[in-house]
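What follows is one structure encoded as structure tokens, with my remarks underneath.
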Amino acid sequence: MFRFLTRKLAYGFAILIGINLLTFVLFFKVNTPDDMARMQLGGKRVTPDAIEKWKAERGYDRPLFFNEKEQGVAQVTNTLFLDSSLRMFAFDFGRADSGRDIASEIVRRAGPSIALALPTFVVGLGISIVLALGLAFFRATYLDFWGTVLCVVFMSISSLFFIVMGQFMFSRVFQLMPVSGFAPGMDAWRFLVLPIAVGILARLGGEVRFNRTLFMEEIGKDYVRTARSKGLSEARVLLVHVLRNALIPILSASVAVIPLLFMGSLITESFFAIPGLGSYLIEAIAGQDFAIVRAMVFIGSFLYIVGLILTDISYTLADPRIRLQ
């Protein structure tokens, strides 16, 4: 286990270096420090002196990869790329181009994102497994057929439709909850119920269909026929044997998605005006704030690598016969 985790962490570190380099190159291929200064300072009437001052204050006046004005190691270390990259691997994200501390802003916005993403994942996964088991139990019946059709219909509908329809029905027509916004503390539930419900509905069709396929594959195997020959009920066969053996692919598809839920709720957070990490990234992209974009890409990649490692570990919990090597 220790050697496995060490090797995985080493791979993850190399991947983070590569993603950090790629993000840096792509961003400055598309944007120049002058463009970023004009965006932050407010338009076309910005003087060249103001642009140079803005760049000097934030370190964008330095070369990207190689500083000819320095001597020795400083030619590489005193560059825009390496100076900011070394601090990032210590989770020191510095300040945004607008001047705010990035780490503090991420900590402040992580709460709303977790409050939105975690229930969406846990409740959605539970509902999809129950529904998929139900379809597998009633397989080859009209209930299974129409349930599968409904899954395809849900998969064909854009999440934007669920968002707009949810806001119209529950906020405008029935006036049960606010259209958008967020409140700290216990009042947050009033603003989160609808986004969570929309998030679950948007993913439900694909997850139920995927899980049903896994269960149906397991049902056709020899160990299921052996369990039935011992006189076990169909419900017990599904819940005890089929569900257990189908858990590994379900975990593969689910646990690795958790980090993406935090970073990927861009549309939901934007539509419901939830001040989370997704809306933070959207605002940074719109404002060409490189420091924030780079930090968010780094955190997203880090969380994804952690999610993959947790997925591997969860295999041993789902099936003790599996050994990590």
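The values are calculated or read from the model by the stated rules, or taken from the named source; none is laboratory data. These figures come from a predicted structure and were not determined experimentally. Using ideal geometry, Cβ is built from the backbone for each residue, glycine included, and neighbour counts are taken over all protein chains shown. We work out accessible area using only protein heavy atoms, side chains counted, and drop any ligands, DNA or RNA first. Shrake-Rupley method; radii C 1.70, N 1.55, O 1.52, S 1.80 Å.
Quick notes
- Residue match in the stretch 296-305 (condition: surrounded by 18 or more Cβ atoms within 10 Å (Cβ to Cβ), touching a residue at least 12 places away in the same chain (Cβ under 8 Å) and either within 23 Å of residue 127 (Cα to Cα) or in contact with an Asp or Glu (Cβ under 8 Å, 6 or more places away or on another chain) (or both)): no
- On inspection, residue 207 passes the criterion of being acidic (Asp, Glu) and within 26 Å of the chain's Cα centre (by Cα).
- Residue match in the stretch 147-165 (condition: touching a residue at least 60 places away in the same chain (Cβ under 8 Å), over 30 Å from residue 212 (Cβ atoms) and in contact with a Phe, Trp or Tyr (Cβ under 6 Å, 6 or more places away or on another chain)): no
- Only one entry in 61, 35, 97 is closer than 28 Å to residue 277 by Cβ and surrounded by fewer than 17 Cβ atoms within 10 Å (Cβ to Cβ), namely 35.
- One residue from 190, 203, 228, 236 being among the basic types (Lys, Arg) and either touching a strand residue (DSSP E or B) at 6+ places or on another chain (Cβ under 7 Å) or farther than 22 Å from residue 132 by Cα (or both): 190
- Selection count where residues are in a loop (DSSP other than H, G, I, E, B) and open to solvent by 10 Å² or more (accessible area, probe 1.4 Å), scope the stretch 267-295: 4
- Test: residue in the stretch 248-263 that is in a helix (DSSP H, G or I), open to solvent by 40 Å² or more (accessible area, probe 1.4 Å) and at pLDDT 85 or above: no
- Just one of the listed residues (269, 283) is charged (D, E, K, R) and touching a helix residue (DSSP H, G or I) at 6+ places or on another chain (Cβ under 6 Å), namely 269.
- Screening residue 141 on (1) at pLDDT below 85; (2) over 19 Å from residue 201 (Cα atoms) shows it passes everything except condition (1).
- Residues that are farther than 25 Å from residue 105 by Cα and either of a type in the set (Phe, Trp, Tyr) or in contact (Cβ under 8 Å) with a residue 40 or more places away in the chain (or both) occur in the stretch 218-230; there is at least one.
- Meets criteria (in a helix (DSSP H, G or I), out of contact with any Pro (no Cβ under 6 Å at 6 or more places or on another chain), surrounded by fewer than 17 Cβ atoms within 10 Å (Cβ to Cβ) and of a type in the set (A, V, I, L, M)) for residue 114: yes
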